[in-house]
Amino acid sequence: MNATSFVIPALPQPSIAVAGETKSFPVRRIWCVGRNYIEHIREMGNDERALPFFFAKHADMLEPDGATIPYPPLTKDLHHEVELVVAMKSGGLNIPADKALGHVYGYGVGIDLTRRDLQQASRKKERPWEIGKSFDHSAPCGALQPASKIGHPAKGRIWLSVNGTERQKGDLTELIWSVPEIIEKLSEQVALGAGDIIMTGTPAGVAALSPGDKIECGVDGVGTLKVAIGKPA
Ligand code: MN
């Protein structure tokens, strides 16, 4: 199919930069894991024994390293959630955990920006989470590091600071469900595919952001990401 096949102009392909490469990683779907670090489950008052679950953002909600993100509409409680990002080069249904890492292209650092007030209101009403999680500019993601260069990180500090003050810290060893287990479980629900990315959950310390805030975050051995919060759109 070429561009003349469409009744409006063809849309741009969302993508994420790759460290040290001129070519970028094309993104198909963004999956996110809810509740995957015990301290964050406790700070949110949720059941520690409940299984993690998945929700989605759209690929065009990505923002690159260095972006200024407009403070989103409808919320008074925008929260940061720093997360390890897994980028898939292939996929399928029912991927066993022991085969999962063979489908991973690489890793990055992302922020699952969350309109916490709207997320909690929708939870109380037993409505879906889209309004709290899936909004414009809600998925900043730094450059990916290929697994061929850095391997498959299973430990390493994960942290986030706002205006130079550390707010979130944890370690990949604290993930309740490991990356292979996440891929196994998510691929029971949907066929994963090349270009899918998975945000793997956040450690404790989530808190509110304001216009003008400067966020820096990282995962040791993977990379860093810096974004700023701007005025409302
Ligand atoms: Mn999250």
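The values are calculated or read from the model by the stated rules, or taken from the named source; none is laboratory data. What you see is a predicted model; the values in this text were computed from it and never measured. Every residue, glycine among them, receives a Cβ derived from its backbone with ideal geometry; neighbour counts consider all protein chains shown. Side chains included, ligands, DNA and RNA excluded: accessible areas come from the protein's heavy atoms. Shrake-Rupley method; radii C 1.70, N 1.55, O 1.52, S 1.80 Å.
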| Per residue, how much accessible area does the chain have with a 1.4 Å probe, in Å²? | 48
| query | Listed here are the pairs LYS57/LYS185; LYS89/LYS169; LYS125/LYS185; which of them are more than 21 Å apart at the Cα? | reply | LYS89/LYS169; LYS125/LYS185
| remark: The rounded separation in angstrom of the Cα centers of the stretch 147-220 and the stretch 1-70 is 12
| message | Ignoring everything except DSSP H segments at least 4 long, calculate the 222 nm mean residue ellipticity for the chain; use -39,500 (n - 2.57) per segment, divide by total residues, nearest 500. | response | -4000 deg cm²/dmol
| field | Reduced Cα scattering model of the chain, Debye log10 I(q)/I(0), q = 0.09, 0.10, 0.11 Å⁻¹ | value | -0.35, -0.43, -0.53
| message | Tell me the carbon and sulfur percent of the accessible area for the stretch 14-230, rounded to whole percent, probe radius 1.4 Å. | response | 51
| field | Highest to lowest packing among 128-139, 93-104, scored as the average C-beta count within 10 Å | value | 128-139, 93-104
| query | Which of the listed residues, SER187, THR4, SER24, is farthest toward the dipole's positive end in the chain, when Lys, Arg count +1 and Asp, Glu count -1 at the beta-carbon? | reply | THR4
| field | Only Lys, Arg (+1) and Asp, Glu (-1) charged, at Cβ; the chain dipole about Cα centre in debye | value | 300
